[in-house]
Amino acid sequence: MSAPVAGKPAPAPPEPEVLSVQPLGDGLSDADLAFVRNAIRSFYGLDVDLGTPRPLPAAAYYEPRHRYRAERLIEHLAPDPRGARRFVLGLTASDISTTTRSAPDWGVIGLAQLDGSAGVVSTFRCGARVSEDGRRVRLAKVAVHEVGHILGLEHCATAGCLMHDAEGRIATVDAGHDLCPACRAHFGTTRILPAQDVLPWPRPASIVASRPSVGSAVAMMPTKRSLATSAAVSR
Ligand SMILES: [Zn+2]
Ligand SMILES: [Zn+2]
């Protein structure tokens, strides 16, 4: 046993991990922002702050379809990698799109870096035939999914898991409820997840069975800093 070294400073406590929810452009309600913020906090235990709204960057605009390229938004949002570890999730009411294996410009609800620092989620495709509350829950579930990608979670085959790949079906988003035990176990002891006795949404009436991914136009490359799409809705 060695004697304590006089005068040696105690190691600094690790910096808390912070995720910023960053509104981009107009059309988001305070209720949307608050609900998404609460959902991310309750799943991952991150400190979640709310950024001052910023305009959508013109450089991300895709003129032929009058929408914004999600990966350009992510580049725009990504924090300086030299700083303390921070995460950013952009939120927008505008339509966003990305390139998939079969489509050069495919409308999506969300896109995020896998094991990276930034993602983006849009309300634009959350609203079909659903109440205001239902639309907000869809948005927050996709936000939890995209933050899962940022924290290193890949797609999961378990029906009802929030990391299940929606593959273009909003019904899959609706059926998502919680992170499954395997996805929770991914974090091991590196991240203490909050207790899950209170989820921010009700359990769906029925968990839809997963279908084979024939014809899926959603791509995900399991490499660092690749982009993971989710809940792509064809258009
Ligand atoms: Zn899972
Ligand atoms: Zn995904």
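Just a few scattered comments:
- Using θ = phi - 60° in the Karplus curve 6.51 cos²θ - 1.76 cosθ + 1.60, the 3J(HN,Hα) couplings for region 50-63 round to 10, x, 5, x, 10, x, 5, x, 4, 5, 8, 6, 10, 4 Hz; x is entered for Gly and Pro.
- Distant-in-sequence amide H partners of Leu91 (H built 1.01 Å from N, under 5 Å): Gln22, Leu24, Val121
- Placing dummy labels 7 Å off each Cα toward the beta-carbon, the span from Ala205 to Ala10 is 5.5 nm.
- The distance between label points at Ala171 and Leu193 comes to 2.6 nm (points 7 Å beyond Cα on the Cα→Cβ vector).
- For Ala118, residues with placed amide H under 5 Å, excluding near neighbours: Val88, Gln113
- Two-site label geometry, Ala182 and Asp26: point separation in nm, points 7 Å out along Cα→Cβ: 4.6
Every number in this text was worked out from the coordinates using simple rules, so none of it is lab data. Note that this is a predicted model, so its numbers are computed, not measured. Please note: Cβ atoms are built from the backbone with ideal geometry, for glycine as well, and neighbour counts cover all protein chains shown.
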